[in-house]
Amino acid sequence: MIRAIILDLDNTLVDFSLLKRQAVRGGITGMLEAGLKADPEEVYRRIFEIYEAKGWEYQTVFDDVIAEFHGSHNYKYLAAAITGYKKSREASLTPYPGVYASLITLIKQGIKLAVVSDAPGREAWLRLYQLNFHHLFDAVVTYSDSMELKPSPKPFQLALDKLEVRPEESMMVGDWAERDMTGAKNIGMLTVFARYGDIFDTKDHGADYEISAFDGILDIVRNLNGEKA
Ligand SMILES: [Mg+2]
């Protein structure tokens, strides 16, 4: 009997990769309009190199590329970049198809929901709030709460404690095999691999189930809990 579902946020509930790409494009367009002389494709490639090296939540990527491409800091270009980035990000922050309706269905079935994310608390909550998702979850555990990244058992255990459920009564849904699936499996949760959010072309995810769209969760829960649920 599944009583709780723990969900990863980025690339599971929201298409974070798309969001990031479009936000960066918006920032670059802003800088070029403000007068920065650079090849937008080159700037784009450089920004993602920096993200790869310093993490996806690295906050001063535009300062770095302005210094590199312009030769010194420039606050006009920086303001244009940040404004363009934020506008594009807001426009492209949407859940995957079926996410909202499926979450509501699960809530109606009496299933508790939590988010466990490696994102910093501020960024995770901003995304949840902008999506209007902030009232849907019984618990939200971010890196700022656990101070340990998945697959550490700590963030999962924190969420289970808050939900007051045992691991075997709960299911983890996520796009990252080594973090989401391994971490949850190690403490005895069922695991569901979100194939639609996979950006690594994962071959062996080791999960109990795989879904190609978010609402696939509903079938899994129905099968485990019986038709009545
Ligand atoms: Mg993820």
Residue in segment 63-83 that is closer than 30 Å to I211 by Cα, surrounded by fewer than 16 Cβ atoms within 10 Å (Cβ to Cβ) and of a type in the set (A, V, I, L, M) present: no
I220 being in the same structural domain as A101 (by TED's automatic domain parsing), β-branched (V, I, T), more than 17 Å from L9 (Cβ to Cβ) and not in a strand (DSSP E or B): yes
Selection within segment 87-105 - modelled with pLDDT of 95 or more and out of contact with any helix residue (DSSP H, G or I) (no Cβ under 7 Å at 6 or more places or on another chain): P95, P97, G98, V99, Y100, A101, L103, I104
Hits in segment 148-172 - residues which are surrounded by fewer than 24 Cβ atoms within 10 Å (Cβ to Cβ) and charged (D, E, K, R): E148, K154, D161, K162, E164, R166, E168, E169
Hits in segment 119-145 - residues which are among the small types (G, A, S) and touching a Leu at 6+ places or on another chain (Cβ under 8 Å): A119, A124, A139
Condition met for G121 (over 19 Å from S17 (Cβ atoms), in contact with a Ser or Thr (Cβ under 7 Å, 6 or more places away or on another chain) and surrounded by fewer than 17 Cβ atoms within 10 Å (Cβ to Cβ)): yes
Selection within segment 1-45 - more than 16 Å from the ligand (Cβ to nearest atom) and either under 30 Å from M189 (Cβ atoms) or touching a residue at least 60 places away in the same chain (Cβ under 8 Å) (or both): M1, I2, R3, A4, Q22, A23, V24, R25, G26, G27
Any chance A53 is surrounded by fewer than 20 Cβ atoms within 10 Å (Cβ to Cβ), assigned to a loop (DSSP other than H, G, I, E, B) and away from the ligand (no atom under 16 Å from the Cβ): no
Any chance A114 is farther than 30 Å from M171 by Cα, within 21 Å of the chain's Cα centre (by Cα) and among the aliphatic types (A, V, I, L, M): no
Of residues in segment 173-195 being under 18 Å from L224 (Cα atoms) and free of Cβ contacts under 8 Å to residues at least 40 places away in the same chain, the one surrounded by the fewest Cβ atoms within 10 Å (Cβ to Cβ): G188
Residue check, D201 surrounded by fewer than 18 Cβ atoms within 10 Å (Cβ to Cβ), assigned by TED's automatic domain parsing to the domain that holds D219, modelled with pLDDT under 95 and not hydroxyl-bearing (S, T, Y): yes
Selection status of A67, in the same structural domain as A38 (by TED's automatic domain parsing), part of a helix (DSSP H, G or I) and either free of Cβ contacts under 8 Å to residues at least 12 places away in the same chain or more than 26 Å from I28 (Cβ to Cβ) (or both): yes
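The values are calculated or read from the model by the stated rules, or taken from the named source; none is laboratory data. Keep in mind the model is a prediction, meaning the values are calculated, not measured. For neighbour counting, all protein chains shown are included, and Cβ atoms are generated from backbone atoms with ideal geometry for every residue, glycine included.
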